[in-house]
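What follows is a set of notes on a single structure, which appears directly below.
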Ligand code: TRP
């Protein structure tokens, strides 16, 4: 049977963390068998908010690919590539930019939220407003049927569908209307109990060492009303308990009980979790070390992915030029 296509991506802004893993990467690894998969390092997208990060983009992109390989993305099954290496995205972005109104982009909730969080009022670039238009080009350059993303990205998928519809209406049916595939754990707490996010500085890296994991868990947010060992705790608001639910599922129920009845203290609870988490990520850490020691192999994987992506995007752009009769 003909496999459906998916595309997803991530901005290379630093090491991947547990939130990226549970919110996306783990799911991508599973999808590889059932879909034709494209996974993209969205390096151009970094420019929309962080021009000062440009000198780090190349190294961060490489680190991201290594994290992906460590997590289990398989270059024999999936196309792993770098956005800026595929110039077709830029051409499609230009065309799509004429197919969406300013007002529609200004109403994008992700955009509004970012402006509020980054306190960027007054310095928003034209390209930043167009962030989802570039994202639509990323997705539709491969005619992706589905896009596995966290909840926060759904407005961008909706915009992509609108752009596809608009294009098809004017120039004939070229593009599918891709669906978002939302991951269950798309809101994962960070060490301070808020959503885990690089910009909040509350992350634990996917490739963190055992020491780093233990250290991070020591200061991780628990029920703030549980001051003494004998106070009953509330696991539902505790980040440590969320980590149990994800990384030590078999122990989660007992953990909640012992927290509520004050039978287990937070320190012991954290130590036990640390043991499980170190074990949970052992294979990933090992594979990471393997790829770190093989830079030529990583280069080859990226080159191969770029070539495959370029071929696929070139086909789509040929159809686009033909259907519009220009270019
Ligand atoms: N906007 C996504 C994020 O911030 C990254 C991204 C860029 C993306 N292009 C994409 C995700 C295409 C899915 C599909 O996480």
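The values are calculated or read from the model by the stated rules, or taken from the named source; none is laboratory data. Predicted model, so just to flag it, every value in this text is computed and none were measured. With ideal geometry, Cβ positions are generated from the backbone for all residues, glycine too; neighbour counts draw on all protein chains shown.
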Query raised in the report: Any chance the stretch 263-277 includes a residue that's within 23 Å of the chain's Cα centre (by Cα) and over 23 Å from residue 142 (Cα atoms)?
Result: yes
_Here is a check on your reading of the model: is residue 100 surrounded by 20 or more Cβ atoms within 10 Å (Cβ to Cβ) and either away from the ligand (no atom under 12 Å from the Cβ) or within 17 Å of the chain's Cα centre (by Cα) (or both)?_
no
In the stretch 3-23, anything modelled with pLDDT of 90 or more and within 9 Å of the chain's Cα centre (by Cα) is listed as 8, 9, 10, 11, 16, 19, 20, 21
Only one of (1) away from the ligand (no atom under 13 Å from the Cβ); (2) closer than 15 Å to residue 99 by Cα; (3) in contact (Cβ under 8 Å) with a residue 40 or more places away in the chain does not apply to residue 163, and that is (1)
Checking 254, 217, 317, 273 in turn, the sole residue that is under 27 Å from residue 196 (Cα atoms) and touching a residue at least 60 places away in the same chain (Cβ under 8 Å) turns out to be 217
Note: among 86, 65, just one is within 14 Å of the ligand (Cβ to nearest atom) and over 30 Å from residue 116 (Cα atoms), namely 86
Checked 163, 157, 213 against criteria (touching a strand residue (DSSP E or B) at 6+ places or on another chain (Cβ under 7 Å), in a helix (DSSP H, G or I) and surrounded by 20 or more Cβ atoms within 10 Å (Cβ to Cβ)); the one match is 157
Of those in the stretch 1-17 that are part of a strand (DSSP E or B) and away from the ligand (no atom under 11 Å from the Cβ), the residue surrounded by the most Cβ atoms within 10 Å (Cβ to Cβ) is 17
Considering the stretch 167-209, residues that are part of a helix (DSSP H, G or I) and at pLDDT below 95, and then whichever is surrounded by the most Cβ atoms within 10 Å (Cβ to Cβ), we arrive at 198
Of the conditions (1) in contact with a helix residue (DSSP H, G or I) (Cβ under 8 Å, 6 or more places away or on another chain); (2) within 11 Å of the ligand (Cβ to nearest atom), the single one that residue 23 does not satisfy is (1)
